[in-house]
1. Across 10 Å bins from 0, what is the distribution of all Cα-Cα pair distances for the chain, in whole percents?
2. Whole-Hz ³J(HN,Hα) for each residue in segment 18-35, computed from phi via Karplus 6.51 cos²θ - 1.76 cosθ + 1.60 with θ = phi - 60°, x for glycine and proline: what do you get?
3. Among Val55, Val27, Val98, which one moves the most in a GNM of the chain with springs linking Cα atoms closer than 10 Å?
4. Rounded to the nearest 20 debye, what is the charge dipole size of the chain about its Cα centre when +1 sits on each Lys and Arg Cβ and -1 on each Asp and Glu Cβ?
5. Which whole-number percentage describes the relative contact order of the chain, with Cα contacts under 8 Å and a sequence gap of 6 or more?
6. Most mobile of Gly51, Gly79, Gly19 per a Gaussian network model of the chain (Cα springs, under 10 Å)?
7. Which one of Leu50, Leu100, Leu38 has the biggest mean-square fluctuation once the chain is modelled by GNM with Cα springs under 10 Å?
8. Can you list the HN-Hα couplings for segment 63-79, worked out from phi with the Karplus curve (6.51, -1.76, 1.60; θ = phi - 60°), rounded to whole Hz and with x for Gly and Pro?
Amino acid sequence: MNRLNGKVAVITGAARGMGASHARMFVAEGAKVILTDLREKEGRALAQELGRNAVFVRHDVADALQWSQVIEQGESAFGPISVLVNNAGILGPIARTVDLSEADYSRSAQ
């Protein structure tokens, strides 16, 4: 199909679920992908499954410094990044915004 030939994508939360599905489809369509997740074992296994068009980088999306590492490692492997699928997420406290503590609000806003 090759609709994504020449594209380099970062896919966060890529170790399983929707992120893994996105990664499989992107590679099938010709993209090179940088898979990121906190689940290192699953992320590395998926990168191995996808072959030479995928690399895994352990990454906490809430840590700004780790984004630099993802970009550095991804561009070193595949060149300039052209796509971001920001799929990672965690379920935090369920509450109205005004009822959240400042720490919980800041964590969910990142």
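1. 15, 44, 26, 12, 3
2. Values per residue, Gly and Pro as x: 4, x, 5, 4, 4, 4, 4, 5, 4, 5, 4, 8, x, 7, 9, 10, 9, 8 Hz.
3. So, out of Val55, Val27, Val98, the one fluctuating most is Val98.
4. Result for the chain is approximately 460 debye, rounded to the nearest 20.
5. 28 percent
6. Highest fluctuation of the listed residues: Gly51.
7. The residue that fluctuates most here is Leu100.
8. Values, residue by residue: 9, 4, 5, 5, 4, 4, 5, 4, 4, 4, 5, x, 5, 5, 7, 10, x Hz.
No value in this document is a laboratory result; all are computed from the given coordinates. Please read these numbers as outputs of a predicted model, since none were measured by experiment. No Cβ is skipped: glycine too gets one built from the backbone with ideal geometry, and neighbour counts run over all protein chains shown.
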